[in-house]
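Everything below concerns the one structure shown next.
Only the coordinates and a few stated rules stand behind these numbers; no lab work does. Given the structure is predicted, the values throughout are model-derived calculations rather than measurements. Note that we place each Cβ from the backbone using ideal geometry, even for glycine, and neighbour counts take in every protein chain shown.
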Amino acid sequence: MERLNKKILLLAVIMAIVTSLLLYFYISRLEDGKTDIEYIEVYAARLEIPARTVVKDEMLIKVQLTKNSEITMGLSDKSQIVGKLTKERIIKGEAILLDRLYTGEKTNMAFLVPKGKRAVTIGVNEVTEVGDFIIPGDYVDVLATFEESNLDIGGRKIYYPKYTKAILQNVQVLGVGQSMQVMKEEDKKLPASVTLAVTLEEAERLVLADESGVLRLALKPAADSNSIQTNGVIKDDMVVPKGKIEN
């Protein structure tokens, strides 16, 4: 009986050794296999990001993906993402791809219009556009000149002299011609239009003045946001009557 117990004990020890060796080899193979897997860190959406939304830092989370040279993995440079606008909805956990974002070159006018403003385009020529010195990002004042007119109301005639008035001040230039960016000198062509950022109320005044009078743009100095109250001017305000005034 004692001999049988020794045999059973010896067999148990051998089985334990074999099991340990098999487990060791299995773990070793797994570890060897891991060395063949490469990972890449990219940024993904921490939460769902709607279309046409400016991506902020808190919307992103860094994740690890297994590297695959056959597919686009995502962006690992946060500066390529933060501050950009999304073309379409990006779901939670989705890796951020460059083609899902608007870059500076592809951004359309709708994304450049400041909140609360509208983009309104007016026709210009070299004189109107300050000798072709206006570029996107500048600020201008808009002056309108209206011709003299007569109005008959109930048999009573009202005379309106020709006058000029600054109808808008500190208006941002969004685009010049078809360009929303500052162009190289050799690429510049005299634009036929200028697009301005105005409120809806300002847009009404601008369109009416453009239809009824002649517009000029006055380029403001850089970093000058001052507004000046004016009453407009007519010819008599500038011409000093000649001759002697008798009492």
With bins of 5 Å, the percent of all Cα-Cα pairs of the range 110-238 per bin from 0 is 2, 10, 18, 21, 19, 12, 8, 5, 3, 2, 1, 0
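What Kirkwood hydrodynamic radius, in Å, does the range 39-102 give when the mean of 1/r is taken over all pairs of distinct Cα atoms and then inverted? Each step should come with its number before you reach the end.
Details: mean 1/r = 0.0866 Å⁻¹.
Kirkwood radius, the range 39-102: 11.5 Å.
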Find out how many positive minus negative residues lie around residue 100, taking Lys and Arg as positive, Asp and Glu as negative, among other residues whose Cβ is under 11 Å from that of residue 100.
-> 0
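Stretched out fully, how many nm does the piece from residue 239 to residue 147 gain, at 0.36 nm a residue minus the Cα gap?
On the way: separation 92, 0.36 × 92 = 33.12 nm, distance 1.74 nm.
This chain segment gains 31.4 nm when fully extended.
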Nonlocal Lys pairs with alpha-carbon distance under 24 Å, the range 110-238 (8 or more apart, or different chains) = 11
